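The values are calculated or read from the model by the stated rules, or taken from the named source; none is laboratory data. Here the structure is a predicted model, which means the values were calculated and not measured. Cβ: placed from backbone, ideal geometry, glycine included. Neighbour counts: every protein chain shown.
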Amino acid sequence: MTTIDNGVNVQALLDAREVLKGAPDAAQFTWRASSKWQHGVHSTTTIEKFFGLGQEQTHKNETTFAADHPAVFAAEDNGITPIEYLLVGLAGCLTAGVASVAQNRGIQLRSVESTVEGAHDIRGILGADSDVRNGFNDIKVTFHIDADASQEEIEALVAQSQKRSAVYDALTNPTNVTVEVA
Amino acid sequence: MLERGEVANSWRRERWDSLRLLTPNWLSRLPGHHYDGPDPDGYMTSGEVVAFIEQFAGVTAAPVRTNTAVTSVRRDDDGYRLVTSGGELRARSVVLAGGACNVPTVPALAAGLPPGVRQLTPFDYRGPDGLAEGGVLVVGGSATGVQIAAELRRSGRPVILSTGEHVRMPRLHRDRDVLWWMDATGVWDQRYDQVDDLTRARRLPSPQLVGTPERATLDLNALTDLGVELVGRLSAVRDGVLLFSGGLTNVCALADLKMKRMLAGFDQWAGLSQPEVELPPTRVPAAPRWQIDLGHGEISTVVWATGFRPDYGWLDVPVVDEKGRLRHEGGVVDSPGLYALGLPVLRRRRSTFLNGIEDDARAVTEHLATSLPVPSSHR
Ligand SMILES: Cc1cc2nc3c(=O)[nH]c(=O)nc-3n(C[C@H](O)[C@H](O)[C@H](O)COP(=O)(O)OP(=O)(O)OC[C@H]3O[C@@H](n4cnc5c(N)ncnc54)[C@H](O)[C@@H]3O)c2cc1C
């Protein structure tokens with residue numbers, strides 16, 4: 001058997017699954033972001049630390065993300081629109097899933113590309129029509145995958161990656177959100 | 001044998017009126033006891049199952065004490081003490097065969113439904129006549145859910161089916177019952193210690209199958225043809241609004257892929273390369289609804305077809321895990337002299353079905369017989 005390598009350490013993930021089965025406390029993670037208003041609708045959000053495996057953890061680097069609105073919204077466009085970050089999250093999560101599942105199933109990937117489109121009726125956020133929701137009406141992801149696998153195996157990779165995706169779940173199912181003023 | 005009701009109690013009291021087995025008659029067998037009627041490919045009604053099991057109890061002269069409910073089993077010296085509605089008993093060995101489906105599972109979010117909506121479990125459901133007029137939401141896409149949804153839709157009611165992951169199957173594959181293939185190809189003989197993910201195999205929902213004289217397929221496409229509306233998995237109830245997952249397309253894709261793989265495996269086993277006419281993919285509505293406001297009165301009844309679980313409330317031996325599952329190795333329970341039968345994938349995939357009992361009972365009683373020291377007075 002030729003060894004395949006998509007660069008995912010699946011063994012570590014499988015080991016973690018076994019360990020965490022018996023240690024639900026260690027499996028509790030908190031992801032954090034700190035945000036700061038800049039000017040107009042421009043803000044920056046920084047991510048560095050998170051909590052998991054029972055202790056504070058730190059990313060290798062601190063990352064700062066800029067959010068703004070585009071010129072067609074009469075803004076300065078210093079960064080992408082906040083709702084576009086959801087597309088970033090979804091694409092990143094599904095792609096990671098495809099790579100991991102492929103590694104686990106012994107499928108060598110050559111290229112994985114996807115486009116993510118979120119259909120958004122902005123009359124909702126503008127308050128122009130109270131029957132229109134604020135968020136996406138629907139999201140469409142299209143994958144183009146080149147791999148040593150049949151079309152059906154590739155479809156199964158993509159299906160399985162949705163099944164195990166954190167962001168896919170967060171977008172398709174409601175989540176309780178609490179916003180407070182400290 | 002202690003039985004709280006009568007022989008075949010679950011088939012008398014816990015099934016809806018129209019239910020037929022989803023296993024064909026020839027496959028609904030008990031040890032040494034086969035269907036010998038004119039329609040081996042048909043499917044028994046609950047009443048016929050009752051008669052079949054009663055007959056079996058008769059020919060085997062099973063020593064059944066009916067109307068004797070076990071209310072407690074606890075460890076006592078080298079055996080067990082049982083409290084029953086007919087008095088106390090001591091036993092050196094106990095086989096737990098109280099069934100896997102004693103209680104319909106209802107998700108916690110059911111508590112958030114407004115009082116005006118009637119909620120039913122499959123144990124409360126007898127047939128469409130027992131329901132108020134108006135729309136019905138059936139939650140759950142396993143055999144129970146699709147069967148009840150189809151029956152309610154045929155009664156003229158608007159029906160919505162909410163489904164998460166499910167097991168799609170055609171009733172027939174190449175003119176044979178799909179369960180014939182399961183049986184013949186050895187899928188059902190897979191042992192519990194050979195199954196990839198045993199926890200998952202034991203939790204697998206029942207397949208979307210129904211036993212009808214027409215041998216018709218009852219997958220989601222069949223329900224759509226009947227006019228049942230499909231929505232995603234029910235994920236929350238917020239202020240009287242039901243919220244469904246937006247992931248319906250993917251659970252259908254997963255089920256289609258798994259079914260295709262299963263049927264391809266059957267063909268490969270049979271050495272057939274000529275593909276059969278492929279089943280069309282599950283048709284998912286372009287924009288499935290993800291919320292329904294119960295305040296609008298569209299839904300008068302919710303049917304929870306969300307599975308069943310065993311009830312071990314009477315088992316005072318610490319052998320049940322935090323998720324309510326019995327700890328056992330192929331029916332040998334984690335306490336000396338304690339055994340189990342009749343649980344999903346207990347020893348093989350077929351253990352989930354009536355016909356699984358033959359192998360399972362043999363294996364378990366063999367273990368029991370070799371571990372149970374015969375008292376000297378009985379030698
Ligand atoms: C809706 C439904 C449809 C099904 N359809 C099929 C099918 O088509 N084909 C198939 O092969 N299988 C089918 N099954 C599975 C089938 O029911 C089981 O394989 C089979 O019934 C197992 O038999 P059992 O005797 O272990 O359990 P049960 O039939 O549940 O019998 C357990 C008995 O124990 C008694 N009992 C429970 N607790 C106590 C107590 N504390 N004291 C005294 N007595 C007690 C109960 O009264 C009951 O009579 C179906 C199951 C359900 C729920």
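At-a-glance table
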read-out: Residue match in segment B:289-308 (condition: away from the ligand (no atom under 16 Å from the Cβ), free of Cβ contacts under 8 Å to residues at least 40 places away in the same chain and of a type in the set (Lys, Arg)); value: no
read-out: Condition broken by B:Ala253, with the remaining ones in (1) under 23 Å from A:Leu94 (Cβ atoms); (2) among the hydrophobic types (A, V, I, L, M, F, W, C); (3) touching a residue at least 40 places away in the same chain (Cβ under 8 Å) satisfied; value: (3)
read-out: A:Ala102 touching a helix residue (DSSP H, G or I) at 6+ places or on another chain (Cβ under 8 Å), closer than 26 Å to B:Pro281 by Cα, away from chain B (no Cβ under 14 Å) and not acidic (Asp, Glu); value: yes
read-out: Any hit, segment A:109-118, residues being exposed (fewer than 10 other Cβ atoms within 10 Å of the Cβ) and more than 26 Å from B:Ser245 (Cα to Cα); value: yes
read-out: Selection from segment A:3-55 of residues that are free of Cβ contacts under 8 Å to residues at least 24 places away in the same chain, exposed (fewer than 10 other Cβ atoms within 10 Å of the Cβ) and in a loop (DSSP other than H, G, I, E, B); value: A:Thr3, A:Gly22, A:Pro24
read-out: Every residue from segment B:1-42 that is surrounded by 16 or more Cβ atoms within 10 Å (Cβ to Cβ), among the acidic types (Asp, Glu) and within 20 Å of the chain's Cα centre (by Cα); value: B:Glu14
read-out: Residues located in segment B:225-249, provided they are in a helix (DSSP H, G or I) and either away from chain A (no Cβ under 14 Å) or surrounded by fewer than 22 Cβ atoms within 10 Å (Cβ to Cβ) (or both); value: B:Asp225, B:Leu226, B:Thr249
read-out: Residue tally, condition farther than 12 Å from B:Asn250 by Cβ and within 10 Å of another protein chain (Cβ to nearest Cβ), over segment A:143-156; value: 2
read-out: Some residue of segment B:250-265 being more than 16 Å from the ligand (Cβ to nearest atom), more than 14 Å from every other protein chain (Cβ to nearest Cβ), of a type in the set (Val, Ile, Thr) and within 22 Å of B:Gly145 (Cβ to Cβ); value: no
read-out: Residue ranges of helices (runs of 4 or more DSSP H) in segment B:130-224 with at least 1 members at pLDDT below 95; value: B:198-203
read-out: Answer residue from segment B:164-192, given it is touching a Ser or Thr at 6+ places or on another chain (Cβ under 9 Å) and within 14 Å of another protein chain (Cβ to nearest Cβ) and is farthest from B:Ala270 (Cα to Cα) among those; value: B:Gly164
read-out: Meets criteria (within 12 Å of the ligand (Cβ to nearest atom) and surrounded by fewer than 12 Cβ atoms within 10 Å (Cβ to Cβ)) for B:Gly313; value: yes
read-out: Residue among B:Gly211, B:Gly232 that alone is in contact with a strand residue (DSSP E or B) (Cβ under 6 Å, 6 or more places away or on another chain) and within 16 Å of the ligand (Cβ to nearest atom); value: B:Gly211
read-out: Selection within segment B:13-60 - more than 8 Å from the ligand (Cβ to nearest atom), under 30 Å from B:Arg90 (Cβ atoms) and of a type in the set (D, E, K, R); value: B:Glu54
read-out: Any hit, segment A:97-107, residues being of a type in the set (Val, Ile, Thr) and either loosely packed, with under 13 Cβ neighbours inside 10 Å or at pLDDT below 95 (or both); value: no
read-out: Every pair of residues 6+ apart whose Cβ atoms lie under 8 Å, when the first sits in segment B:1-19 and is under 18 Å from B:Gly211 (Cβ atoms) while the second is in a loop (DSSP other than H, G, I, E, B) and of a type in the set (A, V, I, L, M, F, W, C); value: B:Ser10/B:Cys101; B:Glu14/B:Cys101; B:Glu14/B:Phe123
